[in-house]
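Colleague: This is the structure I want to talk about, given as structure tokens.
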Amino acid sequence: MTAILAIAGKEIREATRNRWVLSATLLLALLALALAFLGSAPTGDVAAGRLTVTVVSLASLGIYLLPLIALLLSFDTVVGEAEQGTLLLLLAYPVGRSAVMAGKFLGHASVLAFATVVGFGLAAAVLAAISPPAPEEWLAFALLVAASVGLGWAFIAIGHLISVLVPERASAAGLAGGVWLVLVVLYDMGLMGALVATGGQGWIGDALPALLMLNPADAYRLLNLTVMDQAARMAGLQDVAASVPPAMAAAALALWVAVPLALASVIFSRREL
Amino acid sequence: MNALRGECPMALQTNESGDPAIAVDGLTKAYGLQLALDTLTLSVRPGEMLALLGHNGAGKSTLMKLLLGLTRPTEGRISVLGAPPSPAGRTAVGFLPENVVFSGGMTGKEVLTYLARLKKVDIGTTLPLLERVGLADAAGRPVRTYSKGMRQRLGLAQALLGHPRLLMLDEPTTGLDPISRKTFYELLGELTGRGVTVLISSHVLTELEARADRIAILAQGRLLAHDTMDGLRRTAGLPVRIIAHGVEGAGRGRRVLDVAPEAKMETLRALMDGPLTDIEIQPPTLETIYAHLGAPTGQEDRS
């Protein structure tokens, strides 16, 4: 455990030193603040508070930004050290490779959790100062932050998997970009196309909740929608949201953290230097 | 520069059982079709300094990685300090890789503190170690501002963390100035005196000649020789050079003779009968023996 904490501490210190923590926090705060003020004049027949509108907007746009930040933070964690030459010395210490992966994950996960909580929290604090939100709005916001941290962790785990799969940092960067594009952009477009083509009928319509959970970004979206009734109504996805219990969406996201991380650990442990 | 000077702050443990500190038997490591090590059998006694020689790609670094358990043998057995290589076993091992690299943004003190935590070593021992390698004044500076020699000394400091019973040093004197090299070898002498086993590879053969207890020469993964310096000289059978001064009387004239080792004494006696003013005897150097024993040169394969 000492070794895991030491490795995590080093990752956090390095992320702080090279301004990763600061830039990620500022970026998320700027996004949240921009959405808070751009979306602060809800109109129409959907009655929603200002914070709820921000939560829904953040859930929609955070889906692009959080995975990107997480992948940038993690894609080269092993391959980068191997290329830099620091990996050989690290592994010559009495530390198991799974402990190395666990420490790195703990470090990166802490950095991202801090950036998300502080970044989004800043926007919420500003909104609260202007007009105090209702308690259920605070709850929705807290759930959004928790789900966003989960989404970030899932993509950190995917980033770590990428970092042990490829022999060069440049390839890892390319693969991370590709993974982001597929999971965050193309997967939904493909699903949408299939739904439009079939009119939502047949197996695709039936399997939609499951198909959504096969993608961490969609599991995150579902989790937000299932726990936020108002948000689901605003997103027009009540039917899908109603068919998936929140626990299932949360479990899907948790699996998206655990499985890539376990795979990364196994692959790294078998790697010969 | 007072690098590497002063008293060693550590109380070192010794292997008192008499078992070899390192024992490899029939060790083979293949990368695809290429043999990095080929049925290597070797043992190193506790407190011994074994110099590992070989051209680039001879298998020296591969052997160290195998001993650390960072890569698995294709065949053969390895015992390090009485057990197969394992993460736990590395607690008693200090390793300095060739061209050691540290995270550039960290200071020397942070690097050593971080590594001490990984080895579960008292953080309080890091400062004496930094002093020991002459980096106390630079401890608060980022490693990226260090010269190559300073990085190498930091590398040595980390290898000494936690009172290792076995030190594996891959080209440890690269980048060190002559004074630092001298004090570095004095430190190694002190450590071996306390029972620490040292496995060292270097291309600077003159450094090792007088210091290593035994020398192992690797070529293309095979062990060409494993003996003391005297033993290697006997095996090589290379001529001894005798330079006699004053052969023409009154300090004039100089004669250079290359004689077979077994003819050395006879030649000396014959020369002593003449009007010599001085005589020099130059046994074959490790460099000459290494070249003679035939490590092929110019091949860069995987090591």
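Colleague: Where nothing but the Cβ of Lys and Arg (+1) and of Asp and Glu (-1) is charged, how large is the charge dipole of chain A around its Cα centre, in debye to the nearest 20? Mind showing how you got there, number by number?
Modeller: Details: 12 positive and 15 negative charges, 133 e Å.
That gives a dipole near 640 debye.
Colleague: What list of ³J(HN,Hα) values in whole Hz, one per residue of the range B:161-169 in order, does the Karplus curve 6.51 cos²θ - 1.76 cosθ + 1.60 (θ = phi - 60°) give from phi, with Gly and Pro shown as x?
Modeller: These are the phi-based 3J(HN,Hα) values: 4, x, 6, x, 8, 9, 10, 10, 10 Hz.
Colleague: Taking every DSSP beta bridge that has both residues in chain B, what percent is antiparallel when rounded to the nearest 5?
Modeller: Details: 30 of 47 bridges.
Counting only bridges with both partners in chain B, antiparallel ones make up about 65 percent.
Colleague: Turning to a different aspect of this structure: Taking the alpha carbon gyration tensor of the protein assembly as shown, what are the square roots of 5 times its eigenvalues, largest first, to the nearest whole Å?
Modeller: Numbers: eigenvalues 856, 121, 68 Å².
Calculated on Cα positions only, the semi-axes equal 65, 25, 18 Å.
Colleague: A further question follows. For residue B:30 and residue A:98, what is the calculated FRET efficiency with R₀ set at 25 Å and r taken between the beta-carbons, to the nearest 0.05?
Modeller: About 0.40, to the nearest 0.05.
Colleague: Would you look at the GNM of chain B, springs on alpha carbons closer than 10 Å, and say which of B:213, B:278, B:258 moves the most?
Modeller: B:278
Colleague: Which of B:157, B:208, B:105 sits farthest toward the positive end of the charge dipole of chain B, with +1 on the Cβ of Lys and Arg and -1 on the Cβ of Asp and Glu?
Modeller: Going by the charge dipole, the pick is B:105.
Colleague: Between B:260, B:128, B:242, whose Cα lies farthest towards the positive end of the dipole of chain B when Lys and Arg beta carbons carry +1 and Asp and Glu beta carbons carry -1, centred on the Cα centre?
Modeller: My answer, from the dipole projection, is B:128.
Colleague: Using a 10 angstrom cutoff on alpha carbons, build the Gaussian network for chain B and name the most mobile of B:19, B:177, B:273.
Modeller: Result for chain B, Cα springs under 10 Å: B:273 fluctuates most.
Colleague: Would you please give the residues with an amide H less than 5 Å from that of residue B:53, counting only those at least 5 places away or on a separate chain, with H modeled from the backbone geometry?
Modeller: Under 5 Å from the amide H of residue B:53 lie the amide H atoms of B:216, B:217, B:218, each far enough along the sequence or on another chain.
Colleague: Could you compute Rg(Cα) / (2.2 N^0.38 Å) for the range A:2-270, with N its residue count? Don't skip to the end; give the middle numbers.
Modeller: On the way: Rg = 19.4 Å, N = 269, 2.2 N^0.38 = 18.4 Å.
Relative to the rule-of-thumb radius for its length, the range A:2-270 sits at 1.05.
Colleague: Which number do you get for Rg(Cα) / (2.2 N^0.38 Å) in the range B:239-283? Don't jump to the answer; show the numbers that get you there.
Modeller: Values: Rg = 9.9 Å, N = 45, 2.2 N^0.38 = 9.3 Å.
Cα Rg divided by the expected 2.2 N^0.38 Å: 1.06.
Colleague: Still on this structure: What are the semi-axes of the equivalent ellipsoid of the range B:133-207, taken as the square roots of 5 times the eigenvalues of the Cα gyration tensor, listed largest first and rounded to whole Å? Intermediate results must be reported in sequence, preceding the final value.
Modeller: Numbers: eigenvalues 86, 47, 23 Å².
Gyration-tensor ellipsoid for the range B:133-207: 21, 15, 11 Å.
Colleague: Could you work out how much longer the chain between residue A:263 and residue A:125 gets when fully extended? Use 0.36 nm per residue separation minus the Cα distance between them, nm to one decimal. Don't skip to the end; give the middle numbers.
Modeller: Values: separation 138, 0.36 × 138 = 49.68 nm, distance 3.89 nm.
Extra length from residue A:263 to residue A:125 when fully extended: 45.8 nm.
Colleague: Continuing with this model, one more query. Tell me which residues come under 5 Å, amide H to amide H, from residue B:69 once H is placed; ignore anything under 5 positions away on its chain.
Modeller: The answer is none.
Colleague: What angle do you read, to the nearest 10 degrees and between 0 and 90, between the alpha-carbon axis of helix B:148-159 and the longest principal axis of chain B?
Modeller: Helix B:148-159 sits at roughly 70 degrees to that axis.
Colleague: Using only DSSP helix segments of four residues or longer, with each worth -39500 (n - 2.57), what per-residue ellipticity at 222 nm results for the protein assembly as shown after dividing by its residue count and rounding to 500?
Modeller: Numbers: 23 runs with 306 residues, N = 576.
So the helix-based figure for the protein assembly as shown works out to -17000 deg cm²/dmol.
Colleague: Using the structure shown, list the pairs from B:148/B:182; A:10/B:109; B:29/B:119; A:104/B:119; A:10/B:65; A:104/B:120 with a Cα-Cα distance above 21 Å, or answer none.
Modeller: Numbers: B:148/B:182 17 Å; A:10/B:109 13 Å; B:29/B:119 28 Å; A:104/B:119 17 Å; A:10/B:65 25 Å; A:104/B:120 18 Å.
Violating the 21 Å Cα-Cα cut-off are B:29/B:119; A:10/B:65.
Colleague: Taking θ as phi - 60°, what are the ³J(HN,Hα) couplings along the range B:121-130 by the Karplus curve (6.51, -1.76, 1.60), each to the nearest whole Hz, with x for Gly and Pro?
Modeller: 9, 4, 4, x, 7, 6, 5, x, 5, 5
Colleague: Based only on other Cβ atoms within 10 Å, what is the fewest-to-most ordering of B:107, B:197, B:173?
Modeller: B:107, B:173, B:197
Colleague: Roughly how many debye, to the nearest 20, is the charge dipole of the protein assembly as shown about its Cα centre, given +1 on each Lys and Arg Cβ, -1 on each Asp and Glu Cβ, and no other charges?
Modeller: Working: 46 positive and 47 negative charges, 130 e Å.
Using only the charged Cβ atoms, the result is roughly 620 debye.
Colleague: A follow-up question, please. How many nm separate the modelled label positions at residue A:84 and residue B:230, each set 7 Å beyond the Cα in the direction of the Cβ?
Modeller: Here the modelled spin labels are 5.0 nm apart.
Colleague: Please check: in the Gaussian network model of chain B (C-alpha springs, under 10 Å), which one of B:53, B:218, B:271 has the largest mean-square fluctuation.
Modeller: B:271
Colleague: Which value does Rg/Rh take for chain B over its C-alpha atoms, Rh per Kirkwood?
Modeller: On the way: Rg = 22.0 Å, Rh = 21.1 Å.
Over the Cα atoms of chain B, Rg/Rh equals 1.05.
Colleague: Expressed in nm to one decimal, what extension gain is obtained for the pair residue B:86 and residue B:254 from 0.36 nm per residue of sequence separation less their Cα-Cα distance? If you can, show how the numbers build up before the last one.
Modeller: Working: separation 168, 0.36 × 168 = 60.48 nm, distance 5.96 nm.
Gain on extension, residue B:86 to residue B:254, equals 54.5 nm.
Colleague: Apply the Karplus parameterisation 6.51 cos²θ - 1.76 cosθ + 1.60, with θ equal to phi minus 60°, to every residue of the range B:54-65 and state each ³J(HN,Hα) to the nearest whole Hz, in sequence, with x for glycine and proline.
Modeller: x, 6, 4, x, 6, x, 5, 5, 4, 4, 5, 5
No value in this document is a laboratory result; all are computed from the given coordinates. Remember, it's a predicted structure, so these values are computed and weren't measured experimentally. FYI the Cβ positions are ideal-geometry reconstructions off the backbone, even for glycines, and counts take in every protein chain you see.
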